[in-house]
Each structure stands twice: as structure tokens, then as C-alpha cells.
Amino acid sequence: LLFHIERCSAPCVGSVTHEEYARLVGELMGFLDGDTKPIVNRLEAEMRQAAADLEFERAARLRDRLASVRLAVERQQMVTDAPEDLDAVAIVDDELVAAVQVFHVRRGRVVGRHGFVLEKVEPLTSPQLLSRVLEQHYGDTPLGVPRELLVPEMPEEAEAYAEWLGRLRGGKVHLRVPLRGRKRELLDTARQNAAEQLNRHRLRRTSDLTSRAVAREQLQSALGMSQAPLRIECYDMSHLQGSDYVGSMVVMEDGLPKRSDYRRFKVTAVQGNDDYGAMHEVLTRRLRRLDERDGQGEDARATRFAYKPQLILIDGGKGQLNAVVEVLEELELWGIPVAGLAKEHEWLYVPGQSEPIVLPPGSPGLHLVMRVRDEAHRFAVEFHRKRRGKAMTRSALDALSGVGPVRRKRLLNAFGSLAAIKRAGVDEIAAVKGMTAALAAALKVALEA
């Protein structure tokens, strides 16, 4: 029926050849990308041919179809002075989240937009936040990467991101901050949309109060607690084959992240691959700072460590859980509920109980513990990567005689990263204070080895 009323080309019954169907799909993709001229030209030619063949009913249908296409084209307003391909990326944020709007412009017309909300795992500068947005959006975007990206400011390590985007596109990509003209107006419009999106998200976040209360009550019931946990602290360890061991502590209060209380720990007393020992060290260092005076510590840092958690959550099963119980016994801290969330089945384990606690799939309580566990893992991994990256940078520069701490610091301040130093020319390296042409040449050879 759809084929009969010309609403379908009927490939399932062979009413169109593979070649013709591929052409139709190509035209559709081109139309969605803003390349409308081929479709308009084809419909005009078919309409004239139908009229010449005295097929007036078919000519009338083609005329109506052509009118619909032209109406759609008119609604795709030209937003640039030339038929360019570009994206406009705008961000509006608060202390908890960032709302992002990306306008996709193809051949000078807005052919689509994509909006999403990012939760802030830790305090970020605006350039750092923009870097995270670019990573998330362009890691998998159906419209690909255009030649030009309009951004409110340059991201952190802008050259490195331009190179990465260029590899994704298969050609050079320019990051630009428009100051005036139609491109600036386009970026301002995207920012207005992001601001509206953030306001909608805030309203939804306020309405989530009931859901967060239900989640806490589910945990209270499942874990047999005397009260619903208001403050939840979650811990995770990260390392690479036992090296650069780090731990993370994230805090949820009333179901929302309290990033001012997040902490990172450099594990120093553990040798080799020992998650239990690392967990013991981190928990000991944190819980020793516990102060029953409810935040009457000597300074702001001590104050944030003073509040007693109403639930300690561990990323792991019975082994990690036993390490926490051992710390609580050593410090004679009784009455703090502890639970471990094992990744395999997302089951909760508690001390003294062999069988796991299984929260209903999709329940608010399970969603809460998974969210805080995932945040602790992400926070730990990010810290570990930073430490490992700094260590690799130091080792690469320290390997060259003559590049001491002062010169190393000047090089990193001048170029921003080891990768940027590798890309720099000998003359650029030699221009850094304290460097010589001979030392710059030797450093270039060492880094390329």
C-alpha cells in the first residue's frame, strides 16, 4: 500500500534496484547534511518530464513534494555568510553540572543540534571543562567532525585536541573563538539554549528529592540501619601493576555529590599489588581525622574530615570489606555501617553476613550505591593517570643530562606537556630560558628515540 501511494520504494519486494535504493539513501543523507540541491534538481526534472509525457497527476504529486522540500530548506536558515561546515559548542554550568549545546552547521545551515548534561566529578577550570566536553561529544558523534569548531574559549591543550579532532576527521580542524558577526551570534544562541537546558535540569533535580529520599530509605531497610544514611563515603583504589598506588574518597550527602569533601590519597606503605593493604592505609588515614566534636577541627581541612560517615561504601567484595572492618576495630570506632558493592552482580556485602544483599534492579537504592561507587572509581583512576603521566614526563626529561628540575619546569611551563615539547622544533626549545641550541638538539634526539 505504501508503495502504491508513493510513500515507499519497496526494497523488500524488489521494486527498486540496489543501485537506485543506494542513490535514494545517499540523497537523504546529503539532504540531512544540508546538501539539498541534488534533490531539488531531480524533483524539478522529474516534474517537467511527467508534464511533457502528459502524466499530469504524477506531475502534481512531484510538484507538491518539491514544495515540501523547499519549505524544509527555507526553515534551515543560513547562519553563516558562506556555505561552511562547522559546529558551535556552548557550555553553561553551576557547581554540580554543566549543560552543553552543540549546533551542527552544514553548508551554512543548522541541520541538527545535540544537548547533554555533564556531572562535575571535581572542580574544573573552564578550559578543562571544555576539554572534557570535546572528549565526550566527539568520541562518538553521528555527524562527524567538521572543519571548524566555534568554542567560547580555547580548551586546555588546544593544539593536542585540534590534532585529535583532525585525526577523527581525516583533515585539519580549526578551533576558533568568534568575537563578532554571525558566528558569534550563532554561539550566543547555542549558549542561550544551554542556559535553558540547565534551568530545566535544575527543576528536575529539585523534583528528585522524593526519589533520593526513597533511595536512602531502601538502603536503611536493606542494611538494617537505625536511620537512613545522609552522608555516604565511598572508597576505591587504583594502580598499574602495583605502581603509583592511589586511593579516592567521594562523599554523597542527601544523594548529591559533595565535592568539597572529596579526597585523594597517595598510598605509600604498600608494596606490590595489595588492594587490601592500600584500603587499610587509606581508611586509617581518613578515620584517624574523625572528630566527634562535629566539625570543630583546627582548620577547614580538619573540619571537612570531622563529620562521621553514616555509611562507608567500598568498591569490592568481602576481602576489601574485611580490611575496613579491621581498621574500625583498630581505631575502636563502633557503630559505623559498612558495605561493599561487588561489580560482578552489583550485590551488597556487609560484615558478619555470608549471603549478599540483593537490591531490586533499577531501584533508587541500587542506583544510588552504583552511582557513588562509579564516581569513586572515576575519581581514583583520574588521579592515577595524572600521577603516572607526571612520572613519565619526569623520567623522559630526566634521562637527558643537563635538564635539571629548573629547566624541566621551564620547558613544561613553556609548552604545557611532554607531547608539545616533542612536537616543538629545536629553535623553539632553544628559545626557552636556560636552554642552549646544543642542549635543545640533544633533547629533541632523546625524545624522538
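The values are calculated or read from the model by the stated rules, or taken from the named source; none is laboratory data. Predicted model, so just to flag it, every value in this text is computed and none were measured. Glycine also receives a Cβ, built like all others from the backbone with ideal geometry; neighbour counts cover every protein chain displayed. When the accessible area is computed, the model is the full protein with side chains, heavy atoms only, and any ligands, DNA or RNA have been set aside. Shrake-Rupley method; radii C 1.70, N 1.55, O 1.52, S 1.80 Å.
Quick notes on this structure:
- Across the range 214-253, the qualifying residues are those that are of a type outside the set (A, V, I, L, M), at pLDDT below 90 and touching a helix residue (DSSP H, G or I) at 6+ places or on another chain (Cβ under 6 Å), and the one among them that is surrounded by the fewest Cβ atoms within 10 Å (Cβ to Cβ) is ASP244.
- Any hit, the range 29-48, residues being farther than 30 Å from GLU84 by Cα, in a loop (DSSP other than H, G, I, E, B) and among the aliphatic types (A, V, I, L, M): no
- Whichever residue in the range 189-206 is among the charged types (D, E, K, R) and at pLDDT 80 or above and, among such residues, is least open to solvent (accessible area, probe 1.4 Å): GLU196
- The residue list VAL97, VAL151 contains one member that is over 30 Å from ARG263 (Cβ atoms), β-branched (Val, Ile, Thr) and either out of contact with any Phe, Trp or Tyr (no Cβ under 6 Å at 6 or more places or on another chain) or free of Cβ contacts under 8 Å to residues at least 60 places away in the same chain (or both), which is VAL151.
Let's see how each residue does on (1) within 14 Å of ARG176 (Cβ to Cβ); (2) crowded, with 17+ Cβ neighbours inside 10 Å:
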site	(1), (2)
GLY108	no, yes
PHE116	no, no
PRO123	no, no
VAL133	no, yes
GLY144	no, no
GLU148	yes, yes
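- Applying the criterion of being among the hydrophobic types (A, V, I, L, M, F, W, C) and not in a helix (DSSP H, G or I) to the residues of the range 1-28, the residue that is surrounded by the fewest Cβ atoms within 10 Å (Cβ to Cβ) is LEU1.
- Selection status of THR268, modelled with pLDDT under 90, open to solvent by 30 Å² or more (accessible area, probe 1.4 Å) and either touching a helix residue (DSSP H, G or I) at 6+ places or on another chain (Cβ under 9 Å) or within 23 Å of TRP334 (Cβ to Cβ) (or both): yes
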